[in-house]
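The values are calculated or read from the model by the stated rules, or taken from the named source; none is laboratory data. Worth saying up front: this structure is predicted, and the values here are computed from it rather than measured. Using ideal geometry, Cβ is built from the backbone for each residue, glycine included, and neighbour counts are taken over all protein chains shown. Keep in mind that these areas ignore ligands, DNA and RNA; they rest on the heavy atoms of the full protein, side chains included. Shrake-Rupley method; radii C 1.70, N 1.55, O 1.52, S 1.80 Å.
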Amino acid sequence: MTFQQSLLNIGLSLVLIASPVFIHFTQAAEVTMGGDPVVLKGDLPANNMPAPEFKVVDDKFNPVNLSDFKGKTVLISAVPSLDTGVCALQTKRFNSEFANFDADVVMLTISTDLPFAQKRFCQTESVDKIKVLSDSVWRNFADQYGLLIESRGLLARAIFIIDANGQLQYQELVKEVGSHPDYNAAIAALTKIAAAKS
């Protein structure tokens with residue numbers, strides 16, 4: 001190695017030492033299921049940032065994207081399975097709250113149940129105001145929102161509210177999957193966010 005090469009290597013080393021290195025550590029959220037900790041795959045999206053796009057399916061397996069609701073205020077109620085008591089009550093609660101909002105508000109329930117099961121649930125429980133959608137095909141919503149409980153193939157329980165400009169403004173990740181979300185806080189936030197539509 002020549003003297004000039006040595007100087008060049010020393011110079012490069014000094015540049016690397018002096019240069020700031022930005023390392024962003026993210027940690028998957030942890031929740032419990034029946035009291036036992038489960039780790040969610042991916043990361044929750046950040047508030048006050050554009051809400052991640054996602055693709056799910058309706059009861060006829062037609063693709064539904066978040067962008068289909070552009071210009072609307074969107075509440076997303078994520079549940080593990082409509083065949084469980086808390087998920088059923090959560091879905092029916094938001095279905096009943098829907099009447100308190102105008103046409104610029106959309107409410108979605110998303111689970112990994114098959115569309116057939118979702119359709120049967122909606123018919124049996126008279127859930128006819130909100131849109132019930134399935135993440136069973138691609139798990140795209142689960143990936144984009146960091147909600148997949150890999151050991152079960154289910155979504156964690158969460159609420160997200162996206163404003164008319166596509167910004168994520170509110171979220172609640174329920175720490176115990178078997179517990180209810182804070183309905184009053186979610187409805188209050190939805191009312192405020194919908195009223196602030198620009």
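Observations on the model:
- Accessible area of the chain belonging to carbon and sulfur atoms, whole % at 1.4 Å probe: 57
- MRE, 222 nm, helices only [DSSP H, n ≥ 4, -39500 (n - 2.57), over the chain, to nearest 500]: -9000 deg cm²/dmol
- Karplus-derived HN-Hα couplings along segment 52-61 (A = 6.51, B = -1.76, C = 1.60, θ = phi - 60°), whole Hz, x at Gly and Pro: x, 5, 8, 10, 10, 10, 8, 5, 10, 6
- The Cα atoms of the chain give a gyration tensor whose axes a ≥ b ≥ c have a/c of 1.5 or more with a/b greater than b/c, which makes the shape prolate.
- Dipole in debye (nearest 20) - segment 60-128, about Cα centre, beta carbon charges: Lys, Arg +1; Asp, Glu -1: 140
- Local electrostatic count, residue 130, Cβ distance below 11 Å [Lys/Arg +1, Asp/Glu -1]: +2
- Euclidean distance of C-alpha centroids, segment 38-58 and segment 168-198, integer Å: 15
- Extension gain, residue 99 back to residue 126 (0.36 nm per residue minus Cα-Cα distance, nm): 8.3 nm
- Built from the Cα atoms of segment 87-171, the convex hull projects on average onto 6.0 nm², one quarter of its surface area.
- When you count the other C-beta atoms within 10 angstrom of each residue and take the mean per peptide, 40-46, 108-114 line up highest first as 108-114, 40-46.
- Taking GluC sites (Glu not before Pro) in DSSP loop states with no more than 16 other Cβ atoms inside 10 Å as exposed sites, the chain has its longest site-free stretch at 54-149.
- Nearby lysines by direct alpha-carbon distance to residue 129 (threshold 29 angstrom, same-chain neighbours under 8 apart not counted): 55, 60, 70, 72, 92, 119, 175, 192, 197
- Spin-label proximity, residue 192 to segment 164-182 - amide N less than 18 Å from point 7 Å beyond Cα toward beta carbon: 164-173, 182
- Amide hydrogen neighbours beyond the local backbone of residue 169, cut-off 5 Å, H modeled: 48, 161, 162, 163
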